[in-house]
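Take a look at the structure below.
FYI, it's all coordinate maths here, none of it is from the lab. Predicted model only: the values in this text are computed from it and were never measured. Cβ sites come from the backbone with ideal geometry, for glycine too, and all protein chains shown count toward neighbours.
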Amino acid sequence: MAHICTDAGHGGPDSGAVWQSIQEKDLNLIYCGQLNAELKARGHHVLTTRLGDDDAPPLGIRCKLVNAHHRLQRPAFDCIVSLHCNVAAKVDPANGGYRALPQVRGFYAIYSQESPQSTALARSIAQKVEEAGVILKHGGMLSTVELGRTLAWIHKTLPPAVLLEMGFMTNPEELALLQNSDYQRKLIGAIADGLETFLSKQSTPQEVHHG
């Protein structure tokens, strides 16, 4: 049995991305609830950062709580996964607003290349997601160096962590898939498979030290 921390990105007043009145935070919560159920059904212990929209701590508080649990081994986490959805848009010079880039799509895992464990976790998940027939972007993996910025969820937490961008809400086909129950089950199953592949190669809970 592994100890896994899951996070439904955003929440509360922070909606995350919004497209066609669909709020990212709501999709994230749906997927996180399904991942929690799947992992528990496989015998793992799961602690999640929010169960609804009214109990969503700010990101900084989430990181501190995770680290406190990890340090005190209540429990020590084997890994952390944060679930998100994406949008692709650029500024329209005609009106200064944003114009969607509907051709952009695909799943990818953001990781810290400074951490071999974070890298291995991202690779395991990306491989299983690809095997499930899900379209990938960036080959399924993108380091925070390639992203061009640090992410608190990855760089300010102690256990190995990844942030999963599950798909683009601005791509009509992918948005429909993200809301489809069969697709949700397929993607969640693949993510869980990837987590278990990573966990099978770990002996004890890991701690990541960022340079």
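Numbers below:
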| quantity | calculated |
| --- | --- |
| The chain - share of DSSP beta bridges that are antiparallel (%, nearest 5) | 30 |
| Longest segment of the chain lacking trypsin sites (Lys or Arg not before Pro) that sit in a DSSP loop with at most 11 other Cβ atoms within 10 Å | 1-148 |
| Shape category assigned to segment 70-211 from the gyration tensor of Cα positions, a/c cut at 1.5 | oblate |
| Principal-axis tilt of helix 181-199 within the chain, Cα atoms, nearest 10 degrees | 40 |
| Rounded Å value of the spacing that divides the Cα centres of segment 50-65 and segment 3-26 | 11 |
| Cα→Cβ-extended label distance, 7 Å offset, between TYR98 and ASP54, nm | 2.9 |
| LEU47, LEU83 arranged by Cβ crowding within 10 Å, fewest neighbours leading | LEU47, LEU83 |
| Segment 1-86: antiparallel DSSP beta bridges as a percent of all, rounded to 5 | 25 |
| Theoretical gain in end-to-end length, GLU114 to ILE135 [0.36 nm per residue, Cα-Cα removed] | 4.9 nm |
| Lys, Arg +1 and Asp, Glu -1 on Cβ, resulting dipole of the chain about Cα centre, debye, nearest 20 | 360 |
| Radius 14 Å from Cβ of ASP193, net charge of other residues (Lys, Arg +1; Asp, Glu -1) | +2 |
